[in-house]
Amino acid sequence: MYLRLGYTLYRRAFLFGDKMSDIDKNVINVTKASLPPFDEYTEMLRDIWDSAWLTNMGKYHEELRLKLRDYLKVGSVQLFVNGHSALEFLIQAMDLSGEVITTPFSFASTTHAIVRNGLRPVFCDINLRDYTLDADKLESLITEKTSAILPVHVYGNVCDVEKIQEIADRHHLKVLYDAAHTFGEEYKGRGIGSFGDASMFSFHATKVFNSIEGGAITTGKPDEELMAKLYELKNFGILGQEEVASVGGNGKMNEFAAAMGLCNLRHVDSYIEKRKLVYERYMENLRDVPGIILPELNPDVKPNYAYMPVRFHGYKRDRDEIFAVLKSVNVNARKYFYPCINAYSCYKDQYDVNDTPNALLASLEVLTLPIYPDLGLDDVDRICTIILN
Ligand SMILES: *Cc1c(COP(=O)(O)O)cnc(C)c1O
């Protein structure tokens, strides 16, 4: 039954499908793009005009790549036109085969990137503590066809990286992280993009850090070979003027995007600081309410406050009622992630969503509330009052 409901609401569940008509001054959306001061960006445009170098790994592209390597505390970075294509090219570069174990509780991109590489996703359930892949259920899903694990640091919650790595090592599997939600985070002092074989970041307009559209692949130790392969793949597989070595595509980040990334990078720490105030205000307002389960910060993680996921479990109103009431006062919270990926119309025939009961439950009970740097604390109070009453 929820399945049918799922398809009807399917399109509405995605922020990225929004039209401009949803963007109105009186409407509070789940997120809002962070922008640098206008003049900072236009100053960089002057340079682009003077050089007439618009794309194809220009000067801003290289500057952003190096600055991100430092900021993210990783060994190497390759930039892409968006996070999804970064992930697709990464999977291609890794030369995987057969099955990839992943989570059904994520954005469509994670699973699509596997399938579009001709591989079969195998869904592992999540834990209900932080909604990341349940590492205790991982090993039973490994078969002789498994070649990699693709977990997601969902909402900025860091996966059990140690346990996942230990299992992967024992079975000789690659570990690729979808780190789209974890820009700037650290785990035990290490950049979050340094775990596993590689990680993908998204710099989409709606993320903590944006380059309008953009993405990156990072590795812990410098990995010249992988970076060269990714460079080749994002540029049509071209090796030199007279040699095309692989079946690549076009995944290049342009200079306008790189310039936006450079401007936003100067301010991203203050964006995160402001998000923290919003996050804390929600926590103060909603703490100790029976039936409302709030996120818990992991003391080993330097957080980025990317999302405000609240779970309504046995509360006087269910998640969909809260969603509708907020909507009626122009507050657009989001049902991230509903439906689960294994319940999408394009996958449902091959999977049973009941095989991942925690992901199913989370998809029905979690609501992500609006959070962005300049969301007013009075607006947070207003949203909480509506939820509580
Ligand atoms: C945003 C996002 C992506 C895709 O990134 P784009 O830059 O929009 O292509 C992938 N996975 C997750 C979990 C995301 O939130």
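Here are the numbers:
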| read-out | value |
| --- | --- |
| Meets criteria (of a type in the set (Asp, Glu), farther than 23 Å from Ala362 by Cβ and away from the ligand (no atom under 16 Å from the Cβ)) for Glu296 | no |
| Test: residue in the range 129-136 that is at pLDDT 95 or above, more than 27 Å from Lys207 (Cα to Cα) and in a strand (DSSP E or B) | no |
| Residues satisfying the stated conditions in the range 53-68, i.e. hydrophobic (A, V, I, L, M, F, W, C), surrounded by 14 or more Cβ atoms within 10 Å (Cβ to Cβ) and not in a helix (DSSP H, G or I) | Trp53, Met57 |
| Verdict on Tyr60 being among the hydroxyl-bearing types (Ser, Thr, Tyr) and away from the ligand (no atom under 16 Å from the Cβ) | yes |
| Those residues of the range 85-103 which are touching a residue at least 40 places away in the same chain (Cβ under 8 Å) and at positive phi, in sequence order | Gly98 |
| Sole exception among (1) at pLDDT below 95; (2) of a type outside the set (A, V, I, L, M, F, W, C); (3) more than 23 Å from Thr182 (Cβ to Cβ) for Glu40, by number | (1) |
| Residue within the range 155-169 that is under 16 Å from Cys340 (Cα atoms) and either under 17 Å from the mean Cα position of the chain (by Cα) or surrounded by 21 or more Cβ atoms within 10 Å (Cβ to Cβ) (or both) present | yes |
| Residues located in the range 170-187, provided they are surrounded by fewer than 24 Cβ atoms within 10 Å (Cβ to Cβ) and over 22 Å from Tyr279 (Cα atoms) | Arg170, His171, His172, Leu173, Lys174, Val175 |
| Candidates Gly214, Gly196, Gly189, Gly156 - the one that is closer than 29 Å to Tyr41 by Cα and out of contact with any His (no Cβ under 7 Å at 6 or more places or on another chain) | Gly214 |
| Residue among Leu297, Leu239, Leu277 that alone is of a type in the set (A, V, I, L, M, F, W, C), surrounded by fewer than 22 Cβ atoms within 10 Å (Cβ to Cβ) and under 21 Å from Val152 (Cα atoms) | Leu297 |
| Strands (runs of 3 or more DSSP E) fully within the range 152-232 counting 3 or more residues that are touching a residue at least 40 places away in the same chain (Cβ under 8 Å) and within 16 Å of the ligand (Cβ to nearest atom) | 198-202, 215-219 |
| Failed criterion for Leu79 (all others in (1) within 14 Å of the ligand (Cβ to nearest atom); (2) hydrophobic (A, V, I, L, M, F, W, C); (3) more than 25 Å from Glu225 (Cα to Cα); (4) in contact with a strand residue (DSSP E or B) (Cβ under 7 Å, 6 or more places away or on another chain) hold) | (3) |
| Filter result for Lys145 (surrounded by fewer than 19 Cβ atoms within 10 Å (Cβ to Cβ) and within 20 Å of Glu88 (Cα to Cα)) | yes |
| Test for Ser109: is it outside any helix (DSSP H, G or I) and at pLDDT 95 or above | no |
| Residue ID - nearest to Lys32 (Cα to Cα), chosen from residues in the range 233-258 that are touching a Ser or Thr at 6+ places or on another chain (Cβ under 7 Å) and assigned to a helix (DSSP H, G or I) | Ala257 |
| Meets criteria (surrounded by fewer than 20 Cβ atoms within 10 Å (Cβ to Cβ), assigned to a loop (DSSP other than H, G, I, E, B) and either within 16 Å of the ligand (Cβ to nearest atom) or of a type in the set (Asp, Glu) (or both)) for Asp95 | yes |
| For Asn117: the one exception among (1) within 16 Å of the ligand (Cβ to nearest atom); (2) closer than 23 Å to Asn235 by Cα; (3) touching a residue at least 60 places away in the same chain (Cβ under 8 Å) | (3) |
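The values are calculated or read from the model by the stated rules, or taken from the named source; none is laboratory data. Since we're looking at a predicted model, the values are computed, not measured. Positions of Cβ are generated from backbone atoms using ideal geometry, with glycine treated the same way; all protein chains shown enter the neighbour counts.
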